[in-house]
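Asker: Submitted below is the structure of interest, expressed as structure tokens.
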Amino acid sequence: SSSEFSGKTYADQKNRFVPSQSLAMTKLGCPFAAFGAPENLFDANTVQVMSEDTAMKVWLYGDTAQSSGKTVLTRVGDVNIEQPTFVPNPEKFVSGYLANYSGRQYFVIQGHPANWTDARWHEFVRLIDWLQASGFTFTTPQELAASL
């Protein structure tokens, strides 16, 4: 299977990282510190490119056995904003959380808001309201990695 990273040459992958980091510096004033491969697909070339990027500190859903010297943050599929993808689902999130929270220090959650209708935004807000009312702490991947 070939994706944006998995199945691409080292040069192809390097040519995605270097200009992206340069653009981040130009537009944001700092490089990206966290990376997650599209569809979480990556290969040995991705591992090599990641190991060469000193600004990159966190790998979302990377391979803990081949971490490239990065902090790998893992995921629990049942504790996700969108269930199914693109559809925020507070009930499934809460159910997944309650079934999986024991022994976990953190949950990495992500969403795709560009694909949300007004009704989906409403469901996302309901989920955030529940998280806030329940006393959850929100942090960036880099801040989380530094605390582990």
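Asker: Scanning for something of a type outside the set (S, T, Y), under 24 Å from V125 (Cα atoms), touching a Pro at 6+ places or on another chain (Cβ under 9 Å) and not in a strand (DSSP E or B), does segment 53-75 turn up at least one residue?
Answerer: No, segment 53-75 has no match at all.
Asker: Please enumerate the residues belonging to segment 6-46 that are of a type in the set (F, W, Y) and closer than 14 Å to Y61 by Cα.
Answerer: Scanning segment 6-46 gives F35, F42.
Asker: Moving on to the next point. Suppose we filter segment 70-96 for residues that are without any contact (Cβ under 8 Å) to a residue 24 or more places away in the chain, open to solvent by less than 30 Å² (accessible area, probe 1.4 Å) and more than 17 Å from the chain's Cα centre (by Cα); how many remain?
Answerer: Within segment 70-96, residues that are without any contact (Cβ under 8 Å) to a residue 24 or more places away in the chain, open to solvent by less than 30 Å² (accessible area, probe 1.4 Å) and more than 17 Å from the chain's Cα centre (by Cα) number 1.
Asker: Could you list, in sequence order, the residues of segment 8-39 that are under 20 Å from L148 (Cβ atoms) and either in a helix (DSSP H, G or I) or aromatic (F, W, Y) (or both)?
Answerer: If the condition is that a residue be under 20 Å from L148 (Cβ atoms) and either in a helix (DSSP H, G or I) or aromatic (F, W, Y) (or both), then F32, F35 are the ones that fit.
Every residue, every condition in (1) farther than 26 Å from V76 by Cβ; (2) touching a Pro at 6+ places or on another chain (Cβ under 6 Å); (3) surrounded by 13 or more Cβ atoms within 10 Å (Cβ to Cβ); (4) small (G, A, S), yes or no:
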{"residue": "E4", "(1), (2), (3), (4)": "no, yes, yes, no"}
{"residue": "T9", "(1), (2), (3), (4)": "yes, no, no, no"}
{"residue": "F17", "(1), (2), (3), (4)": "yes, no, yes, no"}
{"residue": "F32", "(1), (2), (3), (4)": "no, no, yes, no"}
{"residue": "A37", "(1), (2), (3), (4)": "no, no, yes, yes"}
{"residue": "L41", "(1), (2), (3), (4)": "no, no, yes, no"}
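Asker: Using the structure shown, decide if L131 is out of contact with any Leu (no Cβ under 7 Å at 6 or more places or on another chain), open to solvent by 80 Å² or more (accessible area, probe 1.4 Å) and either in contact (Cβ under 8 Å) with a residue 60 or more places away in the chain or under 27 Å from K57 (Cβ atoms) (or both).
Answerer: No, not satisfied.
Asker: Residues Q13, Q105: which one is in contact with a Ser or Thr (Cβ under 9 Å, 6 or more places away or on another chain) and open to solvent by 70 Å² or more (accessible area, probe 1.4 Å)?
Answerer: So the residue among Q13, Q105 that is in contact with a Ser or Thr (Cβ under 9 Å, 6 or more places away or on another chain) and open to solvent by 70 Å² or more (accessible area, probe 1.4 Å) is Q105.
Asker: Could you list, in sequence order, the residues of segment 9-49 that are at pLDDT 95 or above and of a type in the set (K, R)?
Answerer: Answer for segment 9-49, where residues must be at pLDDT 95 or above and of a type in the set (K, R): K14, K27.
The values are calculated or read from the model by the stated rules, or taken from the named source; none is laboratory data. Everything numeric here is computed off the predicted structure, so don't read it as measured data. Cβ coordinates were reconstructed from backbone atoms using ideal geometry, including for glycine residues, and neighbour counts include every protein chain displayed. Please note that ligands, DNA and RNA were not included when accessible areas were found on the heavy atoms of the full protein model with its side chains. Shrake-Rupley method; radii C 1.70, N 1.55, O 1.52, S 1.80 Å.
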